[in-house]
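Each remark here refers to the structure printed beneath this line.
The values are calculated or read from the model by the stated rules, or taken from the named source; none is laboratory data. Given the structure is predicted, the values throughout are model-derived calculations rather than measurements. When we count neighbours, we look across all protein chains shown, and the Cβ atoms used for this are built from the backbone with ideal geometry, even at glycine. With ligands, DNA and RNA removed, areas are computed over all heavy atoms of the protein, side chains included. Shrake-Rupley method; radii C 1.70, N 1.55, O 1.52, S 1.80 Å.
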Number of protein chains: 2
Amino acid sequence: MSIRNPKQKLYEQFAIVAKALGHPQRLELIEHLAQGPRSVEALAMKLGLPIANVSQHLQTLRRAGLVSAERDGKFVNYRLVDDSGLVAFASVRTVAEHHLAEVDRIVRGYFEARDDMEPVTRQELADRMRDGLVTVIDVRPPDEFALGHVPGAINVPLGDLPARLSEFGKDREVVAYCRGPWCVMSFEAVAALRSHGYAARRLADGMPEWRAAGMPVEVAA
Amino acid sequence: MSIRNPKQKLYEQFAIVAKALGHPQRLELIEHLAQGPRSVEALAMKLGLPIANVSQHLQTLRRAGLVSAERDGKFVNYRLVDDSGLVAFASVRTVAEHHLAEVDRIVRGYFEARDDMEPVTRQELADRMRDGLVTVIDVRPPDEFALGHVPGAINVPLGDLPARLSEFGKDREVVAYCRGPWCVMSFEAVAALRSHGYAARRLADGMPEWRAAGMPVEVAA
DNA sequence: ACATCATTCAATATAATCATTGAATGACAG
DNA sequence: CTGTCATTCAATGATTATATTGAATGATGT
């Protein structure tokens, strides 16, 4: 039996955090919780997973200090304890973006040409919105939109997009955003818009990053 | 059989990176590689692990895009591909520091009073060194010291410390640093120095962070 | 060609993680 | 008190990660 010295014990603690981030569905849970607090059931619905399974993943995240739980009547609401989990997620994502060829391959699947996938930066979007040059659409579900969105953005859940194409002019660029830098709904929205002849691009990241950058956020009344 | 959509595929890629960070000994490997490139054997020696085991861990890190390998004669030298892996490690560490009680407990084990463990910041150390107020010791092994150290620091490997206590004056504060923010050698050095009546503190982080901050680095001739 | 050395590979046993199921808990409403 | 509902727990098999061993590979020097 190996004696574990303090160094190893410390590293084991760090590894607990990294391990908690090391499962695709826990990452998805973090992304959803970044939109706002949610009950176990709500999260299970969003991910399309059994409740017991989600409950266990949430407890793994809690043991890693990433989320906290608070009981509210029959429900238990989970939330991110602070931004540090998102920062860790973002830095992991950065490694994958820069060094895993597979990520490139997946993203490229959405677009014909490489320059088509160049996203709009936060600042660029803010400037162009001020000048009235763009239509901004938030492709998340209405409940997430209600918890906070880019001022002036229209809520067009991805499923509704085909039926609502006529709302947009082909002369104005449409910028789509959703939950985060790699939330695929905005990729799909842009791909759909383009296939119908609209000029469309993605915002480089999503709502939590917009909020974290100190940009104005509009909340439903 | 589940069909994996692009969203899930993306998250699986991110999870590969996080999973690679999710093992204590792989984190230790990263910390060592942050000092400079190393062969498999050299790393195995430093960690005290079988070579085949280290080789496999390194390949996990390579598949995650964190390290790269280059053959040099009989040896294969591994190195961090860039700083992004260290950034990810640092952000994972931040979560653990802030939210895992166990980390606090381990660190506290080295010190009697809480304020005794307050570390010296990089800038504070630079200022006080300029004024000639402190003795700086680098407690890493000589080979790591040779690859780059704080200018003016004395190399006192942890094992040699007891025999070399007389080199320091009890009127000058001694600042110890090693491989990174949680490299326990500096904790142990400070604890040892204090138990012999010296005024000692730790640098808040280690060599890689000092270098990354653009501070001057001295390399052995 | 041969021996040597660093590394990787392949095979194995062990351990940890994961998804699923059904039962237990804790809160609320009647 | 009873029934209902959200969540957690406990137990299970299935999958995956890990450590260990010994053999295979690839480069070097004689």
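Anything in the stretch A:17-46 that is more than 9 Å from chain B (Cβ to nearest Cβ) and open to solvent by 30 Å² or more (accessible area, probe 1.4 Å)? List them, or say none.
Within the stretch A:17-46, A:Pro37, A:Glu41, A:Ala42, A:Met45, A:Lys46 qualify.
Evaluate the following for B:Ala176: is it at pLDDT 95 or above, away from chain A (no Cβ under 13 Å), loosely packed, with under 12 Cβ neighbours inside 10 Å and over 30 Å from A:Asp82 (Cα atoms)? Spelling it out, it is not the case that B:Ala176 is at pLDDT 95 or above, away from chain A (no Cβ under 13 Å), loosely packed, with under 12 Cβ neighbours inside 10 Å and over 30 Å from A:Asp82 (Cα atoms). Taking (1) open to solvent by less than 30 Å² (accessible area, probe 1.4 Å); (2) of a type in the set (Val, Ile, Thr); (3) over 30 Å from A:Cys183 (Cα atoms) in turn, B:Val76 satisfies each apart from (1). Across the stretch B:1-16, a minimum of one residue is classified as aliphatic (A, V, I, L, M) and more than 8 Å from chain A (Cβ to nearest Cβ).
Exactly one residue among A:Leu86, A:Leu133 is of a type in the set (A, V, I, L, M, F, W, C), more than 9 Å from chain B (Cβ to nearest Cβ) and open to solvent by 70 Å² or more (accessible area, probe 1.4 Å), and that residue is A:Leu133. If you check A:Ala64, A:Ala69, A:Ala88, A:Ala101 for being of a type in the set (Gly, Ala, Ser) and under 23 Å from A:Cys178 (Cα atoms), only one passes: A:Ala88. Here is the figure for the stretch B:39-55: residues that are under 16 Å from B:Ala20 (Cα atoms) and within 7 Å of DNA strand C (Cβ to nearest atom) total 1.
Being of a type outside the set (Gly, Ala, Ser), touching a residue at least 40 places away in the same chain (Cβ under 8 Å) and within 16 Å of DNA strand C (Cβ to nearest atom), is that true of even one residue in the stretch B:101-121? No: the stretch B:101-121 contains no residue that is of a type outside the set (Gly, Ala, Ser), touching a residue at least 40 places away in the same chain (Cβ under 8 Å) and within 16 Å of DNA strand C (Cβ to nearest atom). The residue pairs whose first member lies in the stretch B:59-84 and is within 10 Å of A:Val95 (Cβ to Cβ), whose second member is of a type in the set (Val, Ile, Thr) and assigned to a loop (DSSP other than H, G, I, E, B), and whose beta carbons are closer than 7 Å, counting only pairs six or more residues apart or on different chains, are B:Gly65/B:Val81; B:Leu66/B:Val81. Scanning the stretch B:55-83 for residues that are away from every other protein chain (no Cβ under 14 Å), in a helix (DSSP H, G or I) and more than 9 Å from DNA strand D (Cβ to nearest atom) yields B:Leu58, B:Gln59.
Going residue by residue through the stretch B:109-122, is there one that turns out to be loosely packed, with under 14 Cβ neighbours inside 10 Å and under 27 Å from B:Ala221 (Cα atoms)? Please lay out each step first, then the result.
Step one: list which residues in the stretch B:109-122 are loosely packed, with under 14 Cβ neighbours inside 10 Å, which gives B:109, B:112-115, B:118, B:121.
Next, from what is left, pick out any that are under 27 Å from B:Ala221 (Cα atoms): none.
Within the stretch B:109-122, not a single residue is loosely packed, with under 14 Cβ neighbours inside 10 Å and under 27 Å from B:Ala221 (Cα atoms).
Could you check A:Arg201 against (1) touching a strand residue (DSSP E or B) at 6+ places or on another chain (Cβ under 6 Å); (2) under 28 Å from A:Asp83 (Cα atoms); (3) open to solvent by less than 10 Å² (accessible area, probe 1.4 Å) and say which number it fails? If we test A:Arg201 against (1) touching a strand residue (DSSP E or B) at 6+ places or on another chain (Cβ under 6 Å); (2) under 28 Å from A:Asp83 (Cα atoms); (3) open to solvent by less than 10 Å² (accessible area, probe 1.4 Å), just (3) comes out false.
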